[in-house]
1. Only one residue in ILE325, ILE281, ILE308 is hydrophobic (A, V, I, L, M, F, W, C) and farther than 21 Å from GLY213 by Cβ. Which one?
2. Considering GLN434, GLN344, GLN369, which residue is of a type in the set (S, T, N, Q), surrounded by 13 or more Cβ atoms within 10 Å (Cβ to Cβ) and not assigned by TED's automatic domain parsing to the domain that holds ILE308?
3. Here is a list of conditions, (1) outside any loop (DSSP other than H, G, I, E, B); (2) surrounded by fewer than 21 Cβ atoms within 10 Å (Cβ to Cβ), and GLY244 meets all of them except one; can you say which number that is?
4. Among the residues of the range 23-31, is any more than 25 Å from TRP198 (Cβ to Cβ) and in contact with a helix residue (DSSP H, G or I) (Cβ under 9 Å, 6 or more places away or on another chain)?
5. For the range 194-206, enumerate the residues that are surrounded by 24 or more Cβ atoms within 10 Å (Cβ to Cβ), in contact (Cβ under 8 Å) with a residue 60 or more places away in the chain and not charged (D, E, K, R).
6. Which of the residues that make up the range 372-402 are assigned to a loop (DSSP other than H, G, I, E, B), buried (at least 18 other Cβ atoms within 10 Å of the Cβ) and out of contact with any strand residue (DSSP E or B) (no Cβ under 6 Å at 6 or more places or on another chain)?
7. For the range 106-161, please list each of the strands (runs of 3 or more DSSP E) lying entirely inside it that holds at least 2 residues being within 30 Å of HIS246 (Cβ to Cβ).
8. Which of the residues that make up the range 259-271 are in contact (Cβ under 8 Å) with a residue 60 or more places away in the chain, within 12 Å of MET1 (Cα to Cα) and of a type outside the set (A, V, I, L, M, F, W, C)?
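The values are calculated or read from the model by the stated rules, or taken from the named source; none is laboratory data. Everything quoted here is computed from the prediction, not taken from an experiment. We place every Cβ from the backbone using ideal geometry, glycine too, and count neighbours over all the protein chains shown.
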Amino acid sequence: MFDVALVKYESPIQSLRHAIELCGGFTGLSSMHRVLIKPNLVIWLKEVNFPKFGVITTARIIEDMVILLCEQGVTDIVLLEGAVEYEKGSGSMVDEAARGMNLSKLCRKYGMKVVDIHKGSFLKKEVDGLKFSMSEYILSADFIIDMPVLKTHSQARISLGIKNLKGLLNIESRKRCHNASDDQGLDHYLARLPDLVWPSLTIIDGIFSLERGPFYTGLAHRSDMIVASRDLIAADKVGSILMGFHPGEVPYLKMALDKRRRPCDLSDIRVRGNIDLKSSIRPHGWKFEQDKMAEMPEFMAKAGIQGIRYPEPDDSLCTYCSHFINYIVMGILSAKNKKEPFDQIEMLYGKKQNPSGKAKYTLLAGQCQVRANSKNPLIKHCVKIKGCPPSLSDFNVAFKELGIELPEGFSQWMEKSPETIHMRKYLNNSEFDQDLFHLKD
């Protein structure tokens, strides 16, 4: 049986200590060990007050963990992360997050180091014929703590302990996970991550949880939960059920369980903590619904958008394009001529989508689409946004060619939109405490 602690987050340090004690989380830990902490710091926007709730691991939980490790006599603590820069040459997002969260306090007070994996070397490994390159820093670890957030994911359904390990891969390996295969796509790759690295302890930060994640465009909830286990897959099973998903309904989690001949239910798990697992938080949705008749997301159809075919996102979309398509969506929704039907436009992105042959204009967004379909005979008028990540300057030119009239200052408005649009829904709710993401000196 695998012990999984499920406790309410009620007070700093003590709540996490209780969870770790319930699952025996520090079993085998020595004061001489080098401990690696892998949080989920998937994004940081400089000088923009974006919603962090359920998107990134709280600074509060990170500090709690460092304090508890120091109580065990550990002195060699490394926070390891590999957030992706959305614009090349924009600098280390990991360093920006560390500054924004004031993690330097932990460096000064406890000697913790912050390491961006993209500044280091990678080790090539192969699992079931799949090739990965993982941070060599893992080799120096004696004890690894996986600290994801309790959130859903628009491609993988959930993003918990297993999914968080993807942040230890180099960029090319991550892109390889998002391929055009129907049977060896993202889920197939994610199910192999536990074979690359098996954490000593998994802590799921559920102070906030997130629907329709993984980014700030989703809907956050104050959930005040901590899931803790020495068994990575057991933690993910409990986290999955907590958000309303049976583990057998999450493809990559089921694959990982099947590989180990483990059940999809909780028959091999002892949940400790006196919390009602199935009703403690509301079920979480994982994707934006698609209007099949209109061939666009429901929110677009409800906004009255006509004349555009916008296929449902699939798992071939990598992080670069996942971030970029927000510009496409918001460009359509904010267009000056959005009240009039657009001129038979289809938007294609990722590696799997193909032209319908019915559109007057076909937009190919991103390098993968340009390579796949720029010479497709079904396209009548091809409009391209090249690059990986896609070029914002090409975006402006492309929308003009498509006849979509962007408002003045659209790019500058988009830079601030995480704060002016998405943060707005949390500002007057005291449950959404921004101080949980910034350490006080």
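1. ILE308
2. GLN434
3. Evaluating GLY244 over (1) outside any loop (DSSP other than H, G, I, E, B); (2) surrounded by fewer than 21 Cβ atoms within 10 Å (Cβ to Cβ) leaves (1) as the failure.
4. Checked against the condition, which is being more than 25 Å from TRP198 (Cβ to Cβ) and in contact with a helix residue (DSSP H, G or I) (Cβ under 9 Å, 6 or more places away or on another chain), the range 23-31 yields no hits at all.
5. Residues satisfying the conditions are PRO199, LEU201, ILE203, GLY206.
6. Matches in the range 372-402: PRO389, SER391.
7. Hits in the range 106-161: 130-135, 143-147, 149-153, 157-159.
8. Answer for the range 259-271, where residues must be in contact (Cβ under 8 Å) with a residue 60 or more places away in the chain, within 12 Å of MET1 (Cα to Cα) and of a type outside the set (A, V, I, L, M, F, W, C): ASP268, ARG270.
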